[in-house]
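The values are calculated or read from the model by the stated rules, or taken from the named source; none is laboratory data. Here the structure is a predicted model, which is why all the values come from computation and not from measurement. Heads up, the Cβs are rebuilt from the backbone with ideal geometry, glycines too, and the neighbour counts pull from every protein chain shown.
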Amino acid sequence: MRNIPPLNALRVFESVARLKSFSKAADELHVSQSAVSKQISLLENYLGVQFFLRDRTGIQLTELGQRYFEGVQPAFERIVAATQGLTAQVEDEPLRVRVYSTFAARWLMHRLPRLQSRHPDLRIRISTAVAPVDFAIERVDASIQLGKGEWEGMQQDFLFADELRPVCRPKLVAGLPAGRTPADLVGRRLVHSRYRKNDWSDWFASAGIEYQMEEDPFMLPSSLLAYQAAQDGLGIAIAQTRMVERELRAGTLIYFCEHTLVRDLGYYLVTPMNSPREDKITRFREWLALEIS
């Protein structure tokens with residue numbers, strides 16, 4: 001059986017022996033001087049030896065203490081060197097950001113050149129998934145997720161609300177009056193997204209209209225494809241307004257009517273607390289805020 005003493009006590013011993021001071025070791029370790037003394041006593045009792053002699057001038061290592069310090073200090077130096085090397089490697093890696101594919105394609109990607117211009121040294125690696133990220137087991141530094149801000153133990157920054165409004169190609173409303181209402185959508189071809197299949201019924205309900213989805217709806221695998229179908233004139237899609245901003249400006253999509261549903265959901269930047277990548281996350285967070293403002 002390996003005879004390894006309590007590692008926290010060993011760490012305290014190395015600090016006291018190196019600095020030759022209980023008070024300086026307490027400052028370095030961010031603990032009280034009494035806590036340092038307790039750890040030294042614990043280690044001495046565990047090993048059955050005395051490591052320090054105390055006199056009016058301070059403390060001195062005993063002969064056994066000096067020999068033990070010379071034996072263990074190189075191990076601590078190797079730990080420090082290994083940690084610094086690992087930290088430098090991690091810091092040099094791109095910031096790994098998980099987003100939804102629709103969010104990436106419709107909102108994020110065309111903005112990234114501005115991020116590169118503002119922070120040329122900040123490299124971003126984008127991955128996409130629908131399932132919530134598990135920071136404990138996945139190599140992800142930050143995630144943009146849709147929810148109510150209820151990620152326990154996580155830093156969460158609100159970006160914008162989940163706002164829904166029907167969009168279509170301009171030619172689909174040719175001949176219709178300018179003051180179109182939700183009721184004018186009844187009987188028209190509506191495009192659905194499988195991952196957001198309740199959007200149409202929620203939007204109609206917010207307008208006071210009972211909506212029953214047809215037996216064989218025009219259902220596409222993602223909102224990304226639903227928006228493209230609307231842009232190609234295949235039907236009317238219920239859109240998250242932030243995801244179709246460019247098409248609305250270009251005029252390739254228009255709002256079918258004025259009625260808008262703002263849900264109690266929103267997009268959040270979700271990150272672990274006290275992340276070792278905090279500097280890069282902060283710069284990414286601040287850039288997002290500028291893009292949204």
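Some points to look at:
- Of the criteria (1) touching a Leu at 6+ places or on another chain (Cβ under 6 Å); (2) at pLDDT below 95, which one E247 fails: (2)
- Residue within region 92-109 that is touching a residue at least 12 places away in the same chain (Cβ under 8 Å), touching a Pro at 6+ places or on another chain (Cβ under 8 Å) and assigned to a loop (DSSP other than H, G, I, E, B) present: no
- Within this structure, D184 passes the test of being over 30 Å from A104 (Cβ atoms), part of a helix (DSSP H, G or I) and in contact with a Leu (Cβ under 8 Å, 6 or more places away or on another chain).
- Being more than 23 Å from L146 (Cα to Cα), crowded, with 16+ Cβ neighbours inside 10 Å and of a type outside the set (S, T, N, Q) is a description that does not apply to L261.
- Of R246, R263, R194, all but one fail to be in contact with an Asp or Glu (Cβ under 8 Å, 6 or more places away or on another chain) and charged (D, E, K, R); the exception is R263.
- Of the residues making up region 234-252, none is charged (D, E, K, R), within 25 Å of A142 (Cα to Cα) and buried (at least 20 other Cβ atoms within 10 Å of the Cβ).
- Contact annotation: residue pairs with Cβ atoms under 7 Å, 6 or more positions apart or on different chains, pairing a residue in region 45-63 that is within 15 Å of E14 (Cβ to Cβ) with a partner that is of a type in the set (D, E) and in a helix (DSSP H, G or I), are F51/E44.
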